[in-house]
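Step one of this worksheet: look at the structure below.
Throughout, read-outs are computed from the coordinates displayed, never taken from laboratory work. A quick note: this is a predicted structure, and the numbers were derived from the prediction, not measured. When we count neighbours, we look across all protein chains shown, and the Cβ atoms used for this are built from the backbone with ideal geometry, even at glycine.
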């Protein structure tokens, strides 16, 4: 299930045949859990499946993220060391780049107002030793404020708690005893890494969304039981893996960036099955483009990102987002500069061509005027698009200010969009030491297949995959996601001064925590994959590079030599130089624990109504062309393996249109993936 | 123009992305806290004439807009004809247009085959550049040579090969050789990346198109800025503001601003400012102009990316020999604080012309404190130098309170996280918090300053301060009250308490000394009597103001329930 802001998608996967069926319902505002239950009941009924036959449920949700963006989380307090209560408000002290010249704009307000930021005297020093004990009267007055103000949730973050959590634990114990209904989140329980601001901010996010998520999950479990569903429920996390609700509730921030991750996991899985393991995903929805690099079927990961200018540090997929989606507004500024996004018209009123009152030009309007979208077939024919409205708006907003004709305007805007998307992909590839030409571009979301061919040509990418059911990707990805947990402990020591035994002891502690969680989730031993990483940097640097370690034996054998050698090579790749003679620092030990859930079968496409030929023609301005021409239109559902389409062509399905440029070829593989081949070379599997 | 609007949009976006990524890359690979945690460096791309095409959006205005004159001076000194592909230039000369000696400009001329068409530039504040004391930040310097090593325009690399003599000359004159080398490496590596990406653009679009786009980007920004300036009423607008003293005497020095607006042209005349100071409170014409340009960009066209065109309609006049156009051999150590005052006076003068767009003065200083010494033996020994920035608060705006405890103005260096600071330096923090009542009262309240207080747990440690707003308060606007002055105190509340002036040359600290650095607050906006009582009550409850201030400034009872 994928519970979004507007819609809930439920996908039922038959684990014998791999068949997929879908239900999409509009969220009712009052009771999210009831909406979900309704969708499930309907789908089971329709597919004639008994509730007891459901084996497991994986559940993705943006409830936590939306609670933050709409400021609808719990009333939250923050306990810090005394005289340090404003770490959350001061942040990095420097302004975010967008505020440097915008002197009338404010940073977003912290989630905890100052009256609820409570200092308690106590202090651990940089060695992890207690410098001052916890001051009980201070704590009791903090508890009195928390009770008086009817606070629902408390975040606790003390300096150096990642080295010694004793005071956080004392506060947690006392709070839980005094106010049993209070949510309490300790920074040391969720993020044992140095730097107090990101740690405080992440702890506050977790506390702020905890009651919201807990209420929702409890309600959902009750509803599911009422439906007769008895199987376990798993929650999808930003890391692209699932976990039990119990583990997620230890740190609800784990779900905060899970929105676009489901589709990336789905793409990695489906493309991997078809033999494509090195991918660039390109997901274009209504408001944004999300792109992520996948190497050997594993998506690249990141450790921190900002929401509303506050950092959240949780394991996450390294997804780069820009405001270039179908609803993104296209405009010309006062001096004739062409701008796309980040402002979006969203789904309502949406692009001008929806005829719902949208009076700004959007990328969807541009695509329609280019003839790339069929006005009668949009969203499976549910929305009739109005070409004349689109034309009027694009003429007024783009063509007239630039003094060019409509076709020059739309072709030009498409080119700018292509460049922005290519620039975003460059951020996750060339800027991180990877050549996009070594990857397959996977395009999905309503807009991905429209823009993929032009982007691939811009970047020199030789192959594009448009998987089947590009709109269901996220829910299917969530359904097939593995269990995933990350355990971290900061060390912060030069490698040369570190004894392998010290490291082995920490690795063992992390391992025990991982084993306990995987045991609780019932993951059998053969399905477990545990990988250790060292976050390394040159002594004196600030940004770490995660470097895989084969295991304890490797360290004992060569005393960190091969892992540091690996680090120098990675540094060279990422930053174009390395300094092997410089000392290297071990910042964090990291353990990635994965519980494989086993793959689901993919249904094989049978040749049914063999209708490989075009179903019609349409006048279209193909990207890169100077004028409209008649282009053959194919129905994707009718394509069968071994039939090759030669561009220019348009391949249509309910949720999108794939653009095939002149010189490119396209066809479907036995899984039903649409594959576009390199310019002029044809394609083969 | 033959470059079409769409190619222009593509190229403009790409050029800004290159400048942005230069800084990100430098921060990721740097060694000094000042860069990796505090981000005290900036990048831009310039055309062959040394005009800014694209600024890194995260760059500091004071760094970026001083680069053109310094680069042009460098080219003049080295000779345009002697530039070759693979050369890397360096200088820190303030008198040709730089800031102060610790800010080192690295510039990479970019060629397509043999044709020069751009410069990739990276200016970073080095943690040490030699001179009188560690951190190279003593306000007691009376000439530039006490400040550190003076690097005239030189070639650091010739056709891709480092000049070992030049490297050695620089590294032999700074205190932290390995940090310096690591940082310099990060700086020129970012220029190499920029060069590679520019090359890709030039090969793809053709040099002619790229050059036209670069010209067009500047031209359009100039139109935009002119259109905005033309909306301001013609006239002459004046303001004055002062600095605490120059490190040699406590006599106030003045910034005098006279702005003439005629149509879309603006002349900002600073010639009435004080003579150049004997101490380090001076700046170059270029640095003063960059503070003026920042003020005008932020009230005229804050939304669009800045470049040379944003600054063209504004002419800044200075008189050689004044503190805003100091002559050799004046020390420029405190240029940052001088620039803050140029900004404050310019903004106050502009208020007469632009009304609600102007904002009240912020905390008005870099608040620079350098602490240096030797780490205790149990912490591994060795020397340390760290720079604490202790000033930050916004002035109030016409419809908003000033933000608390945040950088404002043309600089934007951040703080070192407390945990990183304590692990790297022998400091033990006792407070890092917003200080109530420091923001000036008003219909909208000035931002509150903050305190950063720490014990120095080292033998032979030394401290120097190069800051301001210790004697004069940041003024409010339109009836708003001024913000509180800054406070720099050693061992406050004890028998050994010692209040320090804003310019304090290196002084020895006894082990365990508590250093209390407290920022000035921002000025208020509008009459305090007009403040919404709900806001006063909220402020009281949140501890942004105390009961006393609620009574005295707003006539409110101290009881928040009332």
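Summary of values
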{"item": "Residue mean of other protein chain beta carbons inside 10 Å, A:241-248", "result": "0"}
{"item": "Segment A:320-390 versus segment A:136-169: alpha-carbon centroid distance in Å", "result": "49"}
{"item": "Nearest 10 degrees, 0 to 90: helix A:500-520 Cα axis against chain A principal axis", "result": "60"}
{"item": "Separation between Cα centres of segment A:464-526 and segment B:469-546, rounded to whole Å", "result": "48"}
{"item": "For residues of A:114-126, the mean tally of beta carbons on other chains within 10 Å", "result": "3"}
{"item": "Shielding of A:79-92 by partner chains, average beta-carbon count, 10 Å", "result": "5"}
{"item": "Relative contact order (%) - chain B, alpha-carbon pairs under 8 angstrom, separation at least six", "result": "13"}
{"item": "Sorted by Cβ density within 10 Å, fewest first, the residues B:347, B:266", "result": "B:266, B:347"}
{"item": "CD proxy at 222 nm, helix term only [per DSSP H run n ≥ 4: -39500 (n - 2.57); per residue of chain B; nearest 500]", "result": "-10000 deg cm²/dmol"}
{"item": "Cβ crowding within 10 Å averaged over residues, with B:53-64, A:525-536 ranked highest first", "result": "B:53-64, A:525-536"}
{"item": "Per residue, the convex hull volume that the Cα atoms of chain B enclose (Å³)", "result": "145"}
{"item": "CD proxy at 222 nm, helix term only [per DSSP H run n ≥ 4: -39500 (n - 2.57); per residue of chain A; nearest 500]", "result": "-9500 deg cm²/dmol"}
{"item": "Normalised contact order of segment B:413-562, rounded percent, pairs of Cα under 8 Å and 6 or more residues apart", "result": "28"}
{"item": "Residues B:455, A:109, sorted so that the one with the fewest Cβ neighbours within 10 Å comes first", "result": "A:109, B:455"}
{"item": "Among A:384-394, B:129-139, B:225-235, A:482-492, the order from most to least packed when residues are scored by Cβ within 10 Å on average", "result": "B:129-139, A:482-492, A:384-394, B:225-235"}
{"item": "Residue order, fewest to most surrounding Cβ atoms within 10 angstrom, among B:394, B:544", "result": "B:544, B:394"}
{"item": "Relative contact order (%) - criterion: Cα under 8 Å, at least six apart; region: chain A", "result": "12"}
{"item": "Per principal axis, descending, Cα span of the protein assembly as shown in whole Å", "result": "93, 73, 68"}
{"item": "C-alpha long axis of helix A:196-226 to longest principal axis of chain A, angle in °", "result": "70"}
{"item": "Crossing angle, helix A:406-428 versus chain A [Cα axis fit, 0-90 degrees, rounded to tens]", "result": "30"}
{"item": "Order by protection proxy (mean Cβ within 10 Å, highest first), peptides A:566-573, B:299-306, B:34-41", "result": "B:34-41, B:299-306, A:566-573"}
{"item": "Distance between segment A:74-94 and segment B:160-196 - C-alpha centres, whole angstrom", "result": "39"}
